[in-house]
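Shown next, in structure tokens, is the structure this report addresses.
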């Protein structure tokens with residue numbers, strides 16, 4: 001009789017968390033760069049592109065979660081719809097921002113969600129930040145301020161407003177995902193169905209908002225081009241769907257606050273991928289300048305200080 005397999009060790013759990021979180025961040029960076037290339041190269045409508053991404057990715061995940069025994073419980077949970085609303089607002093804000101600035105700049109600005117999340121958790125849940133954690137938050141805020149001072153005056157206000165609004169929505173969605181029953185469930189396919197349901201709910205809300213503002217004709221098939229259809233469906237299934245699954249998995253493994261801190265490495269990943277896109281001729285205007293590197297490294301340093309302080313407090 002063969003011995004039972006050994007229990008998962010802390011080192012194996014840490015490695016799993018590292019790989020899942022790294023995969024999530026890399027997927028988001030790739031999605032942002034691909035979206036910037038598509039929006040600038042083909043001049044397609046950002047809302048229609050986002051809708052197709054969400055619908056295609058959501059349908060693929062719901063199907064992967066189990067077609068033989070479909071379970072629609074996730075759609076009846078108010079928290080699922082709350083996630084959809086917050087992700088609509090966050091995704092729309094970020095998509096608008098990357099039309100004006102590079103992925104590196106948008107990612108650096110987005111790192112403001114780390115100190116904002118710490119404040120929100122302290123105020124709403126009573127979880128006080130770890131000792132020494134505020135040093136990392138201060139470094140993050142200084143990095144964001146550095147980048148803001150280098151932006152053109154005509155785009156500073158709309159970019160800052162959209163980023164603050166979008167990141168506040170992202171924080172809310174992350175905290176909800178951390179406690180969502182289907183993200184905590186051990187049932188096979190539960191996380192796939194949750195991710196797919198959130199994407200489909202988000203797509204429906206996108207459709208409702210666009211239909212109310214510009215008329216449903218803006219999203220009619222006759223208004224879609226082949227570049228829009230191809231890019232939206234492929235990006236949705238190949239990038240957005242796995243990015244969301246890995247994100248929810250990471251949030252379960254390391255917690256929402258630590259996930260947001262880990263995503264702060266996105267600027268450097270985005271810079272590398274965007275540089276490759278520019279070298280390949282996919283992006284004509286590459287907004288990178290050496291002055292953007294200090295705030296990008298500042299964001300990474302601040303995030304490491306925050307996570308390090310939390311790990312020391314946990315060991316203590």
With a 10 Å cut-off between alpha carbons and a GNM built on the chain, which of 106, 60, 14 moves the most? 14
For a protection proxy built on the mean count of beta-carbon atoms within 10 angstrom, sort 115-121, 31-37 highest first, please. 31-37, 115-121
The distance between the Cα centres of the stretch 37-56 and the stretch 144-208, in whole Å, is 17 Å
Burial order of peptide ranges 127-133, 171-177 (average beta-carbon count within 10 Å, highest first): 171-177, 127-133
Within a Gaussian network of the chain (alpha carbon springs, distance under 10 Å), most fluctuating of 287, 252, 11: 11
Can you tell which of 54, 253, 125 shows the greatest fluctuation in a Gaussian network model of the chain with Cα springs below 10 Å? 125
How much length, in nm to one decimal, is gained on full extension between residue 293 and residue 13, taken as 0.36 nm per residue of separation minus their Cα-Cα distance? 97.5 nm
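Any read-out appearing in this document is the output of simple, stated calculations on the displayed coordinates, not a laboratory observation. Since the structure is predicted, the reported quantities are computational estimates derived from the model, not experimental observations. Note that each Cβ is placed from the backbone with ideal geometry, even for glycine, and that neighbours are counted across all protein chains shown.
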